[in-house]
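> Below are the structure tokens for one structure; questions will follow.
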Amino acid sequence: MHYEGTIIRPPSEANSILLQVTVGCSRNKCTFCGTYAGERFRIKPDEIIMDDIAFAAACCRRQRRVFLCDGDALIIPQTRLLRILTAIRDQLPWVTRVGAYANAKSLKLKSPEELRDIRRLGLGILYMGLETGDDVTLKRINKGADSAAMIAMGRKARDAGFKLSITVLLGIAGRDRSQVHARETGRVLSAIDPDYVGALSLMLIPGTPLHADWRSGAFTLIEPSEMLAELRTMIAGTSLSQGLFHANHASNYLPIRARLPRDKEGTLALIDRALAGDVTLKPEFMRAL
Ligand code: SF4
């Protein structure tokens, strides 16, 4: 397989065939994100992508899923994307699901019909970074979309039949807007009603604008207990029809896995026990991205 630069994928795609169709991220401006620093966004040539699909057809027969790397594969023009998905369908018939990252911009560029065509050809799950539902924080972190756009694009993906997994970031609003961030994120998640929510805890990446703000004192990194309080408010304010709310990424202090609404009260009680000091949090040295 041909890989260039940094390859990242969601934790749930750990066993997937990682097919790199783009390099970098077409936005590459979020202030907390150092994943593709200095990387010029580009779509990989069709010959290389088709070569990799042929390689996977010969050598990856045990992997049932494909993940389209990098930052937002959905930005690929429709004809090319359909060609890639058709090749996966025809040459890897044992693959049951294809996944990709998406953002508000790439979702906006596709019509509902185009999204449905992509869905029909096997792209089954989209991973979208919301980070926060707070408009002030979305602007501060330069996410490129406000909460109304996030809701509209999340609903658009859901209406086209995609499974939708949304990532939010505990601590991203600093101390001054911590609780507003938590409440507003619950509001936006409820409006989108995704299948999965993954709450990560912010870790500052040297070289990013947010890290520079932290060093200058313009941004305050909140304490583990404040992140937990955020998580509590967020879960309390999130109504999903049957979504799974995870906060068990390696960067989190307290692993949570809750089916909402069923597990809401039990999860809030667990967080309350942790806040009261009755549940041990993961020590700092065990956290990782
Ligand atoms: S859209 Fe995602 S990958 Fe791109 S810069 Fe923002 S956080 Fe990073």
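> In whole percent, how big is the carbon plus sulfur part of the accessible area of the range 52-173, probe 1.4 Å, protein atoms only?
Its accessible area is 52 percent carbon and sulfur atoms.
> A follow-up question, please. Using Cα positions and a limit of under 16 Å, work out the lysines in reach of LYS110, with same-chain residues fewer than 8 apart set aside.
LYS156
> Now for a different question. Going from the alpha-carbon gyration tensor of the range 1-132, what semi-axes, largest first and in whole Å, does one get by taking the root of 5 times each eigenvalue?
After scaling each eigenvalue by five and taking roots: 22, 17, 14 Å.
> Quote the convex hull volume per residue of the range 170-230, based on C-alpha atoms, as a whole number of Å³.
Spelled out: Cα convex hull of the range 170-230, divided by residues, is 92 Å³.
> To continue, here is another question. For the range 206-261, count the residues as N, evaluate 2.2 N^0.38 Å, and divide the Cα radius of gyration by that value, please.
1.44
> Give the residue from ILE141, LEU254, THR6 lying farthest towards the positive end of the charge dipole for the chain; charges sit on Cβ (+1 for Lys and Arg, -1 for Asp and Glu) and the dipole is referred to the Cα centre.
Farthest towards the positive pole: THR6.
> Considering every pair of different Cα atoms, what Kirkwood radius, in Å, is found for the chain?
19.6
> While we're looking at this one, here's another question. If each DSSP helix of 4+ residues adds -39,500 (n - 2.57) and the sum is divided by the residues in the chain, what number results at 222 nm, nearest 500 deg cm²/dmol?
Roughly -11500 deg cm²/dmol at 222 nm, from the helical runs in the chain.
> Further question on the same structure: Starting from the Cα of LYS139, draw a straight line to each of the lysines and keep only those under 21 Å, dropping any in the same chain fewer than 8 residues away.
Here the lysines satisfying the reach criterion relative to LYS139 are LYS29, LYS105, LYS108.
> To continue, here is another question. If I stretch the segment between THR96 and ASP51 completely, what's the gain in nm (0.36 nm per residue apart, minus their alpha carbon distance), one decimal?
Gain on extension, THR96 to ASP51, equals 14.2 nm.
> Just the isolated ones, please: cysteines in the chain lacking another cysteine beta carbon under 4.7 angstrom.
Here CYS25, CYS59, CYS60, CYS69 come out as lacking a disulfide-compatible partner, given the Cβ-Cβ threshold of under 4.7 Å.
> For the chain, what does the relative contact order come out to in percent, with C-alpha contacts under 8 Å and a separation of six or more?
Taking the mean separation of contacting Cα pairs over the length of the chain, I get 14 percent.
> In vacuum, with every alpha carbon of the range 145-253 counted as one equal point scatterer, what does the Debye formula give for log10 I(q)/I(0) at q = 0.11, 0.17 Å⁻¹? Two decimals, please.
Treating every Cα as an identical point scatterer, log10 I(q)/I(0) equals -0.36, -0.82.
> On to the next question. Using a Debye calculation, one point per C-alpha and no hydration shell, please list log10 I(q)/I(0) for the range 1-72 at q = 0.12, 0.14, 0.19, 0.25 Å⁻¹ in order.
These q points yield log10 I(q)/I(0) values of -0.34, -0.45, -0.78, -1.16.
> Can you work out the accessible area per residue across the chain, with the rest of the protein chains kept in place, probe 1.4 Å, in square angstrom?
Each residue of the chain exposes 45 Å² on average to a 1.4 Å probe.
> Let me ask another. By how many nm would the segment from ALA269 to PHE41 grow when fully extended, if each residue of separation counts as 0.36 nm and the alpha-carbon distance is taken off?
So the extension gain works out to 77.6 nm.
The values are calculated or read from the model by the stated rules, or taken from the named source; none is laboratory data. Quick caveat: nothing in here was measured; it's all calculated off a predicted structure. Please note: Cβ atoms are built from the backbone with ideal geometry, for glycine as well, and neighbour counts cover all protein chains shown. Ligands, DNA and RNA are stripped out before the accessible areas are found, and what is left, the full protein with its side chains, is counted by its heavy atoms. Shrake-Rupley method; radii C 1.70, N 1.55, O 1.52, S 1.80 Å.
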